1. Pick out the one residue from Phe229, Phe132 that is more than 22 Å from Cys263 (Cβ to Cβ), of a type in the set (A, V, I, L, M, F, W, C) and out of contact with any Cys (no Cβ under 7 Å at 6 or more places or on another chain).
2. Considering the stretch 293-305 alone, what residues qualify as being in a loop (DSSP other than H, G, I, E, B) and open to solvent by 40 Å² or more (accessible area, probe 1.4 Å)?
3. Go through the stretch 106-124 and give me each residue that's open to solvent by less than 70 Å² (accessible area, probe 1.4 Å), touching a residue at least 24 places away in the same chain (Cβ under 8 Å) and within 30 Å of Leu32 (Cα to Cα).
4. Just checking, does the stretch 132-139 include any residue being touching a helix residue (DSSP H, G or I) at 6+ places or on another chain (Cβ under 9 Å), in a helix (DSSP H, G or I) and basic (Lys, Arg)?
5. Could you check, for the stretch 52-72, whether at least one of its residues is open to solvent by 70 Å² or more (accessible area, probe 1.4 Å) and modelled with pLDDT of 95 or more?
6. Would you mention how many residues in the stretch 192-233 are open to solvent by less than 80 Å² (accessible area, probe 1.4 Å) and assigned to a helix (DSSP H, G or I)?
7. Tell me, which helices (runs of 4 or more DSSP H) lie completely within the stretch 306-408 with 1 or more residues that are farther than 25 Å from Ile287 by Cβ and touching a Cys at 6+ places or on another chain (Cβ under 9 Å)?
8. Being touching a Leu at 6+ places or on another chain (Cβ under 6 Å) and open to solvent by 20 Å² or more (accessible area, probe 1.4 Å) is the requirement here; does Phe20 meet it?
Amino acid sequence: SATGNFSGEGIVGGVGAKGFSYAFVFFGLAFLFERRWIVAGLSTGLGISFHPVVGIWAVAAAVFAGAVRQFAKRSDLPTLGEPVSRGVAAKQIILATVALVVASLPGLIPALNVVGSAAPEVQFQADYIVVFYRLKHHLNPMDFTWRQYSGYAILWYLWLFVELRRQSIQRAEAWNRWFVFGAMFIAFAGLVVGLDERTGKEMPFYAERMKLMKFYPFRLADVMLPIAFSITLVRLALTARAGEGDVGANQSQRGSRFAWLLCAACMIFALTVPSRGLPSRPTAKAIARKDDWKEACRWISKNAPADALFLTPHNSVAFKWYAQRAEYVALKDCPQDAAGIVEWNRRLLYRTDWGRRYFDNGYSAEALREFQQTTKVTHMLATRQLNVPLEPIHSNEHFRVYRLGDLP
């Protein structure tokens with residue numbers, strides 16, 4: 001996933017709502033494969049509740065898989081070697097759908113309220129900021145690199161090359177195969193919508209395309225394709241080693257060599273190509289800096305006024321989590337509602353413009369006073385190297401805390 005990643009989606013390396021959502025989606029798939037329809041709907045509904053975009057795309061891929069299999073069965077067409085299975089009662093489908101909808105409501109209702117809470121012009125501005133600026137590395141295929149396209153193409157080709165050569169598969173494997181096809185179909189639709197040599201307002205029908213692109217069409221495939229490839233690769237190696245299937249001894253031996261060579265090639269690729277999306281191993285200096293950041297934030301949580309508003313370093317992470325105080329703006333902490341996104345962007349632009357006008361190896365008292373009067377910021381957390389005409393109220397090896405009310 002880290003080496004063949006397309007849009008930056010991942011479920012390893014951090015904690016967030018989507019991690020829990022994917023867990024429930026995987027449970028839902030397992031129950032679906034076992035024909036436990038109601039509990040499958042319940043699990044998938046919980047996936048929607050934790051992260052509506054992840055859960056709803058998973059439902060779309062599952063519907064795609066079920067529709068393809070039903071069409072093939074009714075048309076007497078072979079479904080790529082899968083066994084014929086009995087139909088599903090309408091009562092089971094209805095009960096599963098009800099369970100899915102009810103379980104999804106705790107998270108889906110607030111999400112829908114946020115989506116429809118802004119005026120059309122504010123929503124338009126927010127969509128533009130998200131798709132073509134803040135999250136373009138996740139949403140806009142024109143921002144993806146050749147490495148992302150080549151990594152995805154290699155994974156896709158190898159998975160199809162191995163998977164479609166199989167003569168027979170079990171029912172659960174067939175469901176999983178078509179679910180992955182569904183995820184890839186959604187990603188392909190995202191490519192059709194977003195691919196254009198022009199970007200932003202220069203794209204024809206950019207407003208309509210932007211509204212579709214903001215729903216992360218690549219995220220499900222970013223997770224499911226590497227998983228499917230890994231499962232298929234291991235199955236190929238184990239099956240070829242055991243000599244299973246309708247092949248002779250020589251064919252089995254050749255298949256075994258091919259499988260293990262392919263495994264080795266993938267492992268070498270994963271170990272040598274720089275990963276994307278996963279954090280690298282931190283150095284001792286980075287660990288010390290992070291410890292000092294936490295220490296400064298903990299001091300703030302105990303000593304700063306509850307209504308304090310802080311100006312923090314440009315690359316601050318989790319300040320509100322550790323310090324429990326308000327932050328004027330943070331690059332990584334983008335709001336989810338349209339009005340919040342527009343205001344977040346305005347604050348970033350003002351801060352950038354202010355910094356360009358006043359920074360000269362630090363900030364003067366005049367510059368800080370202007371920022372304070374404009375933004376109502378009361379305190380500042382800064383790196384120790386920054387030249388500030390104030391005595392800190394707290395400091396450690398890497399960071400200092402200032403009270404802007406003490407400005408001369």
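The values are calculated or read from the model by the stated rules, or taken from the named source; none is laboratory data. Predicted, not measured: the structure shown is a model, and the values here were computed from it. When we count neighbours, we look across all protein chains shown, and the Cβ atoms used for this are built from the backbone with ideal geometry, even at glycine. SASA here: full protein model, heavy atoms, side chains in, ligands and nucleic acids out. Shrake-Rupley method; radii C 1.70, N 1.55, O 1.52, S 1.80 Å.
1. Result of the check over Phe229, Phe132: Phe132.
2. Of everything in the stretch 293-305, just one residue is in a loop (DSSP other than H, G, I, E, B) and open to solvent by 40 Å² or more (accessible area, probe 1.4 Å), namely Pro305.
3. Gly107, Leu108, Ala111, listed by residue number.
4. Yes, the stretch 132-139 contains a residue that is touching a helix residue (DSSP H, G or I) at 6+ places or on another chain (Cβ under 9 Å), in a helix (DSSP H, G or I) and basic (Lys, Arg).
5. yes
6. 23
7. Passing ranges, in order: 338-358.
8. So Phe20 does not fit the description; no.
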